[in-house]
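Encoded as structure tokens, the structure appears first; notes follow it.
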Amino acid sequence: GDSVTQMEGPVTLSEEAFLTINCTYTATGYPSLFWYVQYPGEGLQLLLKATKADDKGSNKGFEATYRKETTSFHLEKGSVQVSDSAVYFCAATGANSKLTFGKGITLSVRP
Amino acid sequence: DTAVSQTPKYLVTQMGNDKSIKCEQNLGHDTMYWYKQDSKKFLKIMFSYNNKELIINETVPNRFSPKSPDKAHLNLHINSLELGDSAVYFCASSQTSGIGDTQYFGPGTRLTVL
């Protein structure tokens, strides 16, 4: 079945630091790839997505590029803010149309 | 104007009871889902309905029964609650069941079984 692997957390950064969260996937066919964010006490919100190879999704200063050759969709942000503190989930939808999530990683940004 | 809403937000109950969680979306989407998030934040799909028809039914105990009275509503009924059912349950919806469709999530229902 499909699977998504995220780097282990939690991650703690100082404000304005560079962020990378690694994500790799295994899925049938040509999956669509997503990053969702969950702020404390809330549901999940779509952060960005990419639906085909070499597409770059971007939103709120976050970026991720769909790399088919390395089956990866790493999330990056050049300068994190305290308000970016949340849990980040990488996810993929394969041929079975099921959204499969990674384990999530908690990001804490200190002032 | 909440896009995907769930009730109740919190549910505390005793083992063996039966409870329901309700979900409504006002986005005009065709597809709705139920997910379970465990204490380690891991999310797993339970069910999906497209136009009131069940299309995804993961390995979930028979005590869990979803019902979709119409496209905008998807309810989850749980019989004979067990301690292991304690989790946050999220409802979601998407325009279609297509691979690239974004799923929009509700705020979650935190179920605690004592």
Open item on the list: Using Cα-Cα distances under 8 Å and only pairs 6 or more residues apart, what relative contact order does chain B have, in percent?
Closed with: 37
- [ ] Note down the relative contact order for region B:1-54 as a percent, whole number, built from C-alpha pairs under 8 angstrom at least six residues apart.
- [x] 28
Open item on the list: Please compute the alpha carbon radius of gyration of chain B, then divide it by the globular-protein estimate 2.2 N^0.38 Å. Two decimals is fine.
Closed with: 1.00
Open item on the list: Under 14 Å between alpha carbons, and skipping anything fewer than 8 positions from A:Lys56 in its own chain: which aspartates and glutamates qualify?
Closed with: A:Glu76
Task: Positive-end residue of A:Met7, A:Gln45, A:Ser85, charge dipole of chain A with Cβ unit charges - done: A:Gln45
Open item on the list: Could you compute how much accessible area chains A and B hide from each other, both sides summed, with a 1.4 Å probe? Nearest 100 Å² is fine.
Closed with: 1700
- [ ] Using R₀ = 30 Å, calculate the FRET efficiency as 1/(1 + (r/R₀)^6) where r is the Cβ-Cβ separation of B:Gln95 and B:Asn17; round to 0.05.
- [x] 0.25
Task: For A:37-43, mean number of other protein chain Cβ atoms within 10 Å - done: 4
Open item on the list: Can you tell me which lysines have their Cα less than 23 Å from the Cα of B:Lys19? Leave out same-chain residues fewer than eight positions away.
Closed with: B:Lys9, B:Lys36, B:Lys41, B:Lys44, B:Lys52, B:Lys67, B:Lys71
Task: Cα-only radius of gyration and Dmax that characterise chain A, units Å - done: 13.4, 43
TODO: For chain B, give the magnitude of the charge dipole about the Cα centre (Cβ charges: +1 Lys/Arg, -1 Asp/Glu; no others), in debye to the nearest 20.
DONE: 280
Task: Normalised convex hull volume, the protein assembly as shown, alpha-carbon set, Å³ per residue - done: 121
- [ ] Assign unit charges at the C-beta atoms only (+1 for Lys and Arg, -1 for Asp and Glu), then state the dipole size of chain A relative to its Cα centre in Debye, rounded to the nearest 20.
- [x] 240
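The values are calculated or read from the model by the stated rules, or taken from the named source; none is laboratory data. For clarity, every value in this text was computed on a predicted model and none was experimentally measured. Counting neighbours? That spans all protein chains shown, and the Cβs are built from the backbone with ideal geometry, glycine included. Note: accessible area is taken over every heavy atom of the protein model, side chains too, but ligands, DNA and RNA are not part of it. Shrake-Rupley method; radii C 1.70, N 1.55, O 1.52, S 1.80 Å.
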